[in-house]
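One structure below.
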Amino acid sequence: MKKTVLIFGLISGVTSSLLMLGTLPFIHRIGFDKGLVVGYTGIVLSFLLVFFGIRSYRENVGNGSITFGRAFAVGILITLISCVFYVVTWEIIYFKLMPDFAEKFTSYAVEQVRASGGSQQMIDAKIQEMKDLVVTLNNPLMNAAFTFIEPFPVGLVITLISAGILRRRKPKNGEQLVGEPLPSS
């Protein structure tokens, strides 16, 4: 299991990191609202490797069969490796490559309240909320925790779906599984 998990986890993680590094520098052109869609699309694309990793394990290690529990274990480990890549990449971007990200995001969030016709009290509340968020995000451990919970639920859902789709039990005493060719006599 270790080899399959490492290979597919690393591919998923590198994909996630490259997609983030490739799109985040253009956030000012994309916009934060569309950036959210682009970001989650990248997360889903990188987690497609969970499905392929479970399938590879089933075919190459499990001799064509895998339980839901084993499939879930393979998938969640791939997800965790990919999430670590995602977090490390974001930490580098946030603290080194785009240190003004929080300021730009704060301006965007406040402008959204203004544009929606929010009262001065609502604008002031948003400014305070964003100041508190920036303080939290400037702590690397808190930033990492917040960043981890962004892709992990997506990976968990894809793992559950993939494990359910790909599970296949071993045939018992000459039993024929659906979709398998009949043995030749």
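Of all the numbered requirements in (1) within 13 Å of residue 162 (Cα to Cα); (2) surrounded by 14 or more Cβ atoms within 10 Å (Cβ to Cβ), residue 84 misses one, and that requirement is (1).
Does segment 168-183 include one or more residues that are part of a helix (DSSP H, G or I) and either open to solvent by 90 Å² or more (accessible area, probe 1.4 Å) or at pLDDT 90 or above (or both)?
no
For segment 23-44, the condition holds for at least one residue, the condition being that it is in contact with a Phe, Trp or Tyr (Cβ under 7 Å, 6 or more places away or on another chain), closer than 19 Å to residue 147 by Cβ and at pLDDT below 95. Tell me which residues, restricted to segment 1-44, are open to solvent by 50 Å² or more (accessible area, probe 1.4 Å) and more than 30 Å from residue 107 (Cα to Cα). Those that are open to solvent by 50 Å² or more (accessible area, probe 1.4 Å) and more than 30 Å from residue 107 (Cα to Cα): 1, 2, 3, 6, 7, 10, 11, 14.
Out of the residues in segment 52-69 that are under 13 Å from residue 3 (Cα atoms) and of a type in the set (A, V, I, L, M), state the one that is most open to solvent (accessible area, probe 1.4 Å). So, considering only residues that are under 13 Å from residue 3 (Cα atoms) and of a type in the set (A, V, I, L, M), the one most open to solvent (accessible area, probe 1.4 Å) is 61. Residue 92 satisfies every condition listed in (1) open to solvent by less than 30 Å² (accessible area, probe 1.4 Å); (2) over 20 Å from residue 155 (Cβ atoms) except (1).
Filter segment 109-153 down to the residues that are open to solvent by less than 30 Å² (accessible area, probe 1.4 Å) and part of a helix (DSSP H, G or I), then identify the one that is nearest to residue 15 (Cα to Cα). Filtering first and then ranking leaves 147. Examine segment 1-22 for a residue that is among the aliphatic types (A, V, I, L, M) and not in a helix (DSSP H, G or I), and state whether such a residue exists. Within segment 1-22, one or more residues are among the aliphatic types (A, V, I, L, M) and not in a helix (DSSP H, G or I). The condition (being farther than 18 Å from residue 150 by Cα and buried (at least 17 other Cβ atoms within 10 Å of the Cβ)) is satisfied by just one residue among 72, 47: 72.
The values are calculated or read from the model by the stated rules, or taken from the named source; none is laboratory data. Predicted, not measured: the structure shown is a model, and the values here were computed from it. With ideal geometry, Cβ positions are generated from the backbone for all residues, glycine too; neighbour counts draw on all protein chains shown. Keep in mind that these areas ignore ligands, DNA and RNA; they rest on the heavy atoms of the full protein, side chains included. Shrake-Rupley method; radii C 1.70, N 1.55, O 1.52, S 1.80 Å.
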